[in-house]
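Chemist: Please find one structure pasted underneath; my questions will follow.
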Amino acid sequence: MSKERVLKISILRYDPHVKGDKPRMETFEVTEAPGMTLYIALNDIRKHIDSSLKFDFVCRAGICGSCSMLINGKPALACSTLTAKLGEEITLAPLPTFELIGDLSIYTGNWMRGLNERLSTWIHNEEKIDTDTLEEKMEPELAEEIYELDRCIECGCCVAGCGTMQMNDNFLGAVGLNKIARYQLDPRDKRSDEDYYELVGDEDGVFGCMTLLGCEDVCPKNLPLQSKIAYLRRQMVKIGK
Ligand code: SF4
Ligand code: F3S
Ligand code: FES
(Lines give C-alpha, C1' and ligand atoms only; values in the text may rest on other atoms or scores of the structure.)
(Ligands and ions follow the chains in the order given, each with its own letter.)
Protein backbone atom coordinates (compact mmCIF):
# COMPACT_ATOMS: atom_id res chain seq x y z
CA MET A 1 0.00 0.00 0.00
CA SER A 2 1.40 3.44 -0.89
CA LYS A 3 2.22 5.78 1.97
CA GLU A 4 -0.18 8.65 2.74
CA ARG A 5 1.24 11.95 1.50
CA VAL A 6 1.37 15.07 3.62
CA LEU A 7 0.73 18.01 1.33
CA LYS A 8 2.39 21.35 1.99
CA ILE A 9 -0.01 23.95 0.69
CA SER A 10 1.41 27.48 0.55
CA ILE A 11 -1.23 30.16 0.17
CA LEU A 12 -0.86 33.85 -0.60
CA ARG A 13 -2.72 35.49 2.28
CA TYR A 14 -3.84 39.10 2.16
CA ASP A 15 -7.02 40.92 3.00
CA PRO A 16 -7.11 44.43 1.51
CA HIS A 17 -10.02 45.29 3.80
CA VAL A 18 -8.00 44.73 6.99
CA LYS A 19 -6.02 47.82 7.87
CA GLY A 20 -2.29 47.16 7.97
CA ASP A 21 -2.56 43.63 6.55
CA LYS A 22 0.45 42.65 4.42
CA PRO A 23 0.65 40.04 1.64
CA ARG A 24 2.49 36.94 2.88
CA MET A 25 2.78 33.22 2.12
CA GLU A 26 1.48 30.81 4.75
CA THR A 27 2.04 27.08 4.52
CA PHE A 28 -0.41 24.48 5.82
CA GLU A 29 0.07 20.73 6.07
CA VAL A 30 -2.80 18.50 5.05
CA THR A 31 -2.86 14.70 4.99
CA GLU A 32 -4.02 13.62 1.57
CA ALA A 33 -7.14 11.45 1.34
CA PRO A 34 -8.13 9.27 -1.63
CA GLY A 35 -9.87 11.29 -4.35
CA MET A 36 -9.06 14.55 -2.58
CA THR A 37 -9.57 17.75 -4.57
CA LEU A 38 -7.96 21.05 -3.75
CA TYR A 39 -11.34 22.30 -2.65
CA ILE A 40 -11.51 19.50 -0.04
CA ALA A 41 -7.96 20.27 1.11
CA LEU A 42 -8.83 23.96 1.53
CA ASN A 43 -11.95 23.05 3.43
CA ASP A 44 -9.84 20.86 5.74
CA ILE A 45 -7.53 23.79 6.40
CA ARG A 46 -10.45 26.10 7.14
CA LYS A 47 -12.17 23.53 9.35
CA HIS A 48 -9.18 22.25 11.34
CA ILE A 49 -6.35 24.79 11.11
CA ASP A 50 -7.39 28.35 10.24
CA SER A 51 -11.05 29.35 10.08
CA SER A 52 -10.12 32.78 8.69
CA LEU A 53 -8.95 31.40 5.31
CA LYS A 54 -11.02 32.92 2.51
CA PHE A 55 -11.85 31.06 -0.71
CA ASP A 56 -15.01 30.67 -2.80
CA PHE A 57 -17.06 27.72 -3.90
CA VAL A 58 -20.71 26.97 -4.67
CA CYS A 59 -21.23 23.89 -6.81
CA ARG A 60 -18.07 21.81 -6.11
CA ALA A 61 -18.64 20.29 -9.56
CA GLY A 62 -16.92 22.59 -12.06
CA ILE A 63 -20.16 24.35 -12.98
CA CYS A 64 -20.41 27.66 -11.11
CA GLY A 65 -16.91 28.98 -11.84
CA SER A 66 -16.41 30.47 -8.38
CA CYS A 67 -13.40 28.44 -7.15
CA SER A 68 -10.93 29.58 -9.82
CA MET A 69 -7.44 30.44 -8.52
CA LEU A 70 -3.79 30.20 -9.49
CA ILE A 71 -2.70 26.63 -8.77
CA ASN A 72 1.08 26.40 -9.00
CA GLY A 73 0.88 29.58 -11.07
CA LYS A 74 -1.73 28.34 -13.54
CA PRO A 75 -5.42 29.39 -13.51
CA ALA A 76 -7.69 26.43 -12.71
CA LEU A 77 -10.70 25.36 -10.66
CA ALA A 78 -9.94 24.10 -7.13
CA CYS A 79 -12.95 21.80 -7.08
CA SER A 80 -11.91 19.99 -10.27
CA THR A 81 -8.22 19.64 -9.40
CA LEU A 82 -7.23 16.35 -7.81
CA THR A 83 -4.34 16.71 -5.36
CA ALA A 84 -3.07 13.35 -6.68
CA LYS A 85 -2.21 15.16 -9.94
CA LEU A 86 0.03 17.60 -8.08
CA GLY A 87 3.31 17.30 -6.20
CA GLU A 88 3.49 17.41 -2.41
CA GLU A 89 4.26 21.12 -2.46
CA ILE A 90 1.44 23.22 -3.84
CA THR A 91 1.26 27.00 -4.21
CA LEU A 92 -2.06 28.85 -4.37
CA ALA A 93 -2.78 32.50 -5.11
CA PRO A 94 -5.87 34.48 -6.15
CA LEU A 95 -6.52 35.10 -9.85
CA PRO A 96 -5.08 38.45 -10.97
CA THR A 97 -7.18 41.10 -12.82
CA PHE A 98 -10.24 40.67 -10.59
CA GLU A 99 -11.10 42.53 -7.40
CA LEU A 100 -9.57 40.78 -4.38
CA ILE A 101 -11.93 40.07 -1.51
CA GLY A 102 -9.25 38.36 0.58
CA ASP A 103 -6.79 35.43 0.32
CA LEU A 104 -8.07 33.24 -2.56
CA SER A 105 -11.48 34.87 -2.77
CA ILE A 106 -12.03 37.22 -5.71
CA TYR A 107 -15.00 39.08 -7.09
CA THR A 108 -15.45 38.11 -10.74
CA GLY A 109 -19.14 39.12 -10.75
CA ASN A 110 -18.54 42.83 -11.19
CA TRP A 111 -16.08 42.32 -14.06
CA MET A 112 -18.30 39.78 -15.83
CA ARG A 113 -21.41 41.94 -15.43
CA GLY A 114 -19.52 44.88 -16.95
CA LEU A 115 -18.46 42.67 -19.86
CA ASN A 116 -21.99 41.40 -20.49
CA GLU A 117 -23.38 44.94 -20.39
CA ARG A 118 -20.64 46.22 -22.69
CA LEU A 119 -21.35 43.48 -25.26
CA SER A 120 -25.13 43.31 -24.68
CA THR A 121 -24.97 39.55 -24.42
CA TRP A 122 -28.55 38.75 -25.13
CA ILE A 123 -30.58 38.07 -28.28
CA HIS A 124 -31.37 41.35 -30.06
CA ASN A 125 -34.58 40.96 -31.99
CA GLU A 126 -37.17 43.67 -32.44
CA GLU A 127 -39.75 41.35 -34.04
CA LYS A 128 -42.95 40.99 -32.07
CA ILE A 129 -43.02 37.59 -30.44
CA ASP A 130 -46.15 35.61 -31.20
CA THR A 131 -46.41 33.10 -28.39
CA ASP A 132 -48.71 30.83 -30.45
CA THR A 133 -46.05 30.33 -33.12
CA LEU A 134 -43.14 27.99 -32.62
CA GLU A 135 -39.66 29.42 -32.88
CA GLU A 136 -38.07 28.95 -36.29
CA LYS A 137 -36.20 25.67 -36.54
CA MET A 138 -32.43 25.71 -36.28
CA GLU A 139 -30.12 23.13 -37.82
CA PRO A 140 -29.01 20.72 -35.06
CA GLU A 141 -25.33 21.28 -35.99
CA LEU A 142 -25.74 25.03 -35.51
CA ALA A 143 -27.65 24.58 -32.23
CA GLU A 144 -24.84 22.30 -31.06
CA GLU A 145 -22.18 24.86 -32.02
CA ILE A 146 -23.99 27.60 -30.09
CA TYR A 147 -24.54 25.31 -27.11
CA GLU A 148 -20.84 24.48 -27.08
CA LEU A 149 -19.95 28.19 -26.67
CA ASP A 150 -22.71 28.72 -24.10
CA ARG A 151 -20.91 26.30 -21.77
CA CYS A 152 -18.68 29.15 -20.53
CA ILE A 153 -18.98 29.35 -16.73
CA GLU A 154 -17.39 32.83 -16.44
CA CYS A 155 -14.68 31.47 -14.16
CA GLY A 156 -12.13 34.06 -15.33
CA CYS A 157 -9.32 31.54 -15.93
CA CYS A 158 -8.87 32.67 -19.56
CA VAL A 159 -8.70 36.29 -18.43
CA ALA A 160 -5.99 35.51 -15.86
CA GLY A 161 -4.10 33.35 -18.35
CA CYS A 162 -3.94 36.00 -21.09
CA GLY A 163 -0.84 38.19 -21.45
CA THR A 164 -2.71 40.79 -23.53
CA MET A 165 -5.19 41.19 -20.70
CA GLN A 166 -2.35 42.13 -18.37
CA MET A 167 -1.27 44.91 -20.76
CA ASN A 168 -4.66 46.28 -21.79
CA ASP A 169 -7.35 46.65 -19.10
CA ASN A 170 -9.98 47.23 -21.77
CA PHE A 171 -9.25 44.06 -23.72
CA LEU A 172 -12.38 41.88 -23.90
CA GLY A 173 -10.41 38.68 -23.40
CA ALA A 174 -11.30 35.26 -24.73
CA VAL A 175 -14.44 35.18 -22.58
CA GLY A 176 -15.81 38.32 -24.29
CA LEU A 177 -14.79 37.26 -27.80
CA ASN A 178 -16.34 33.84 -27.21
CA LYS A 179 -19.61 35.49 -26.23
CA ILE A 180 -19.66 37.59 -29.39
CA ALA A 181 -18.84 34.57 -31.57
CA ARG A 182 -21.79 32.83 -29.91
CA TYR A 183 -24.29 35.64 -30.65
CA GLN A 184 -22.99 36.24 -34.15
CA LEU A 185 -23.65 32.59 -34.98
CA ASP A 186 -27.21 32.77 -33.67
CA PRO A 187 -29.75 33.52 -36.47
CA ARG A 188 -32.21 34.84 -33.86
CA ASP A 189 -29.87 37.72 -33.07
CA LYS A 190 -30.61 40.46 -35.59
CA ARG A 191 -27.63 42.72 -34.90
CA SER A 192 -25.97 43.84 -38.13
CA ASP A 193 -22.39 43.15 -39.18
CA GLU A 194 -21.65 46.81 -38.44
CA ASP A 195 -23.07 46.47 -34.91
CA TYR A 196 -20.69 43.59 -34.26
CA TYR A 197 -17.79 45.45 -35.80
CA GLU A 198 -18.52 48.36 -33.47
CA LEU A 199 -18.33 45.97 -30.49
CA VAL A 200 -15.21 43.95 -31.26
CA GLY A 201 -13.51 45.27 -34.42
CA ASP A 202 -10.67 47.11 -32.68
CA GLU A 203 -7.59 46.70 -30.48
CA ASP A 204 -9.71 46.16 -27.35
CA GLY A 205 -11.50 43.41 -29.24
CA VAL A 206 -10.51 40.82 -31.77
CA PHE A 207 -7.56 42.78 -33.24
CA GLY A 208 -5.94 43.12 -29.81
CA CYS A 209 -5.63 39.36 -29.36
CA MET A 210 -2.00 38.39 -29.94
CA THR A 211 -2.82 34.68 -30.30
CA LEU A 212 -0.95 33.83 -27.11
CA LEU A 213 -3.18 30.75 -26.66
CA GLY A 214 -3.05 30.81 -22.85
CA CYS A 215 -6.84 31.16 -22.77
CA GLU A 216 -7.49 27.84 -24.48
CA ASP A 217 -4.77 26.09 -22.43
CA VAL A 218 -6.44 26.99 -19.13
CA CYS A 219 -10.17 26.95 -19.97
CA PRO A 220 -11.63 24.29 -17.64
CA LYS A 221 -14.55 23.72 -20.03
CA ASN A 222 -12.22 23.13 -23.00
CA LEU A 223 -14.01 25.69 -25.13
CA PRO A 224 -12.63 26.06 -28.68
CA LEU A 225 -11.55 29.63 -27.92
CA GLN A 226 -8.76 29.80 -30.45
CA SER A 227 -10.78 28.70 -33.45
CA LYS A 228 -13.65 30.99 -32.48
CA ILE A 229 -11.35 34.01 -32.10
CA ALA A 230 -9.83 33.20 -35.50
CA TYR A 231 -13.34 32.87 -37.00
CA LEU A 232 -14.42 36.19 -35.49
CA ARG A 233 -11.25 37.89 -36.75
CA ARG A 234 -11.94 36.68 -40.29
CA GLN A 235 -15.51 37.96 -40.02
CA MET A 236 -14.37 41.37 -38.77
CA VAL A 237 -11.74 41.69 -41.50
CA LYS A 238 -14.47 41.03 -44.10
CA ILE A 239 -16.85 43.55 -42.54
CA GLY A 240 -14.14 46.19 -42.07
CA LYS A 241 -13.05 46.12 -45.73
FE1 SF4 B 1 -13.76 30.20 -17.93
FE2 SF4 B 1 -13.41 29.11 -20.35
FE3 SF4 B 1 -15.41 30.83 -19.90
FE4 SF4 B 1 -12.91 31.70 -19.97
S5 SF4 B 1 -14.06 30.84 -21.66
S6 SF4 B 1 -14.44 32.28 -18.47
S7 SF4 B 1 -11.83 29.99 -19.04
S8 SF4 B 1 -15.16 28.82 -18.98
FE1 F3S C 1 -5.14 36.19 -24.93
FE2 F3S C 1 -6.12 33.96 -25.84
FE3 F3S C 1 -5.70 35.95 -27.48
S4 F3S C 1 -4.49 34.17 -24.36
S5 F3S C 1 -3.98 37.01 -26.60
S6 F3S C 1 -7.15 35.93 -25.83
S7 F3S C 1 -5.38 33.81 -27.87
FE1 FES D 1 -18.23 25.64 -8.64
FE2 FES D 1 -15.68 24.95 -8.40
S3 FES D 1 -17.12 25.30 -6.82
S4 FES D 1 -16.74 25.48 -10.20
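The values are calculated or read from the model by the stated rules, or taken from the named source; none is laboratory data. Just so you know, these numbers come straight off a predicted model, no measurement behind them. Because the Cβ atoms are built from the backbone with ideal geometry, glycine has one as well, and the counts that use them run over all protein chains shown. Just so you know, the surface numbers come from the protein's heavy atoms only, side chains and all, with ligands and any DNA or RNA stripped out. Shrake-Rupley method; radii C 1.70, N 1.55, O 1.52, S 1.80 Å.
Chemist: Could you tell me how many of the residues in segment 51-85 are within 15 Å of ligand 1 (Cβ to nearest atom) and of a type outside the set (D, E, K, R)?
Modeler: The total comes to 20.
Chemist: Now a separate question. When only residues in segment 98-155 that are among the aromatic types (Phe, Trp, Tyr) and within 16 Å of ligand 3 (Cβ to nearest atom) count, which is farthest from residue 168 (Cα to Cα)?
Modeler: It comes out as 107.
Chemist: All but one of (1) in contact with a Gly (Cβ under 9 Å, 6 or more places away or on another chain); (2) free of Cβ contacts under 8 Å to residues at least 12 places away in the same chain; (3) open to solvent by 70 Å² or more (accessible area, probe 1.4 Å) hold for residue 21; state the number of the condition that does not hold.
Modeler: Failed condition: (3).
Chemist: Another question, then. Within the set of pairs 6 or more residues apart or between chains, which connect a residue that is more than 17 Å from residue 150 (Cα to Cα) inside segment 109-129 to a residue that is open to solvent by 70 Å² or more (accessible area, probe 1.4 Å) with Cβ atoms less than 6 Å apart?
Modeler: Final answer for the pair search is 125/188; 125/190.
Chemist: OK, next. Do you know which of the residues in segment 151-184 that are surrounded by fewer than 17 Cβ atoms within 10 Å (Cβ to Cβ) and in a helix (DSSP H, G or I) is modelled with the lowest pLDDT?
Modeler: Among them, the one singled out is 166.
Chemist: Identify, by number, the condition in (1) closer than 23 Å to residue 229 by Cβ; (2) surrounded by fewer than 13 Cβ atoms within 10 Å (Cβ to Cβ) that residue 129 doesn't meet.
Modeler: It fails just one condition, (1).
Chemist: Assess whether residue 214 counts as being under 17 Å from the mean Cα position of the chain (by Cα), at pLDDT 95 or above and within 15 Å of ligand 2 (Cβ to nearest atom).
Modeler: Criteria met by residue 214.
Chemist: When segment 196-211 is examined, which residues are found to be away from ligand 2 (no atom under 14 Å from the Cβ) and either touching a residue at least 40 places away in the same chain (Cβ under 8 Å) or open to solvent by less than 50 Å² (accessible area, probe 1.4 Å) (or both)?
Modeler: Hits for segment 196-211 are 196, 197, 199, 201.
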